[in-house]
Amino acid sequence: VDLAVVSDHNSFDGAIEFAGHCRDRGLSITVPVAAEVRTDRGDALVVFEPNSTPPSIDRLLSWEAMVDEVHAAGGLVGLPHPFRSHRGVEELARQVDLIEVFNARCTAEQDARSVALAETVSAARSYGVDAHWARELDRVVVEYERRATVIETLLQDARCHHPTRSPKSDWMAAEVINGIKRRRPLVTGYFVAQYARSRLVESVGRGRP
């Protein structure tokens, strides 16, 4: 791995911590400053050059303000999983630099719509694993031509190798944890039931000849 975009929800800390981890261990991995921000119109991927000082997350929670702030600071804005939890996605797509056309936690139908959206607005394409577990990290491998900056590298159309969808149980387990972190017992209970159902379906599927 030469480049790793670590984008925790509403925090740049994960990217900064991992960049330090790589430096301390002599790993030649480029790590931009990045986060996946939960805006008032859905998630946005924001990426800045390594060692940059990004705007405060509090200033990025409004979609319109986020786009202006990130671009003014020299960063790029990506639209992750466009057809999952965004409002007015066609309008949003015209304001971003990247559109995620494969997400390991999306359905094939959602990704097909994302490809069409990227073509419509002539945005660069990106591919994401959306990993919440270490075991998910190798489900999407992306190849870029190295450019002078990280931003220039990411803005070219990437080549995605061996994209693999995550089983639904992995999505549901992550949602259980999110519900616990947010102290929302009803949401947590719902996703516990969905996790159990997904595991049962997947187990039956693996047992078929």
All positions within the range 20-59 that are assigned to a helix (DSSP H, G or I) and either more than 20 Å from Ala73 (Cα to Cα) or open to solvent by less than 20 Å² (accessible area, probe 1.4 Å) (or both): Gly20, His21, Cys22, Arg23, Asp24
Give the range 76-103 a look and list any residue that's at pLDDT 95 or above, on the phi < 0 side of the Ramachandran plot and not in a strand (DSSP E or B), or say none. Pro80, Pro82, Phe83, Val89, Glu90, Glu91, Leu92, Ala93, Arg94, Gln95, Val96, Asp97
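Per-residue answers, yes or no, for (1) open to solvent by less than 90 Å² (accessible area, probe 1.4 Å); (2) in contact with a helix residue (DSSP H, G or I) (Cβ under 6 Å, 6 or more places away or on another chain); (3) at positive phi:
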| site | (1), (2), (3) |
| --- | --- |
| Thr153 | yes, no, no |
| Trp171 | yes, no, no |
| Asn178 | yes, no, no |
| Leu186 | no, no, no |
| Phe191 | yes, yes, no |
| Val201 | yes, no, no |
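Select, from Leu45, Leu76, Leu60, the only residue that is under 19 Å from the mean Cα position of the chain (by Cα), over 18 Å from Thr149 (Cα atoms) and not aromatic (Phe, Trp, Tyr). Please lay out each step first, then the result.
Working: Leu45 fails: over 18 Å from Thr149 (Cα atoms); Leu76 fails: over 18 Å from Thr149 (Cα atoms).
Exactly one of Leu45, Leu76, Leu60 is under 19 Å from the mean Cα position of the chain (by Cα), over 18 Å from Thr149 (Cα atoms) and not aromatic (Phe, Trp, Tyr), namely Leu60.
Kindly evaluate Tyr195 against the criterion of being surrounded by 15 or more Cβ atoms within 10 Å (Cβ to Cβ), more than 20 Å from Ala104 (Cα to Cα) and among the aromatic types (Phe, Trp, Tyr).
When the stated conditions are applied, Tyr195 does not pass them.
Does Pro209 satisfy the criteria of being at pLDDT below 90 and in a loop (DSSP other than H, G, I, E, B)? Let's see the steps before the verdict.
Values: at pLDDT below 90: yes; in a loop (DSSP other than H, G, I, E, B): yes.
Yes: the conditions hold for Pro209.
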Tell me yes or no: at least one residue of the range 122-135 is under 25 Å from Ile99 (Cβ atoms) and over 17 Å from the mean Cα position of the chain (by Cα). yes
Could you run through the range 63-86 and say how many residues are of a type outside the set (A, V, I, L, M, F, W, C) and either touching a strand residue (DSSP E or B) at 6+ places or on another chain (Cβ under 6 Å) or open to solvent by less than 10 Å² (accessible area, probe 1.4 Å) (or both)? 7
Can you confirm whether Pro82 is within 15 Å of Leu98 (Cα to Cα) and in contact with a helix residue (DSSP H, G or I) (Cβ under 6 Å, 6 or more places away or on another chain)? yes
What are the residues in the range 127-140 that are modelled with pLDDT of 90 or more and either open to solvent by 70 Å² or more (accessible area, probe 1.4 Å) or assigned to a helix (DSSP H, G or I) (or both), if any? Arg139
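The values are calculated or read from the model by the stated rules, or taken from the named source; none is laboratory data. Small disclaimer: the values here were computed from a predicted structure and weren't measured. A quick note on method: Cβ atoms are made from the backbone with ideal geometry, for glycine too, and the neighbour counts reach across all protein chains shown. The protein model used for the area step is the full one, side chains on, heavy atoms only, and it has no ligands, DNA or RNA in it. Shrake-Rupley method; radii C 1.70, N 1.55, O 1.52, S 1.80 Å.
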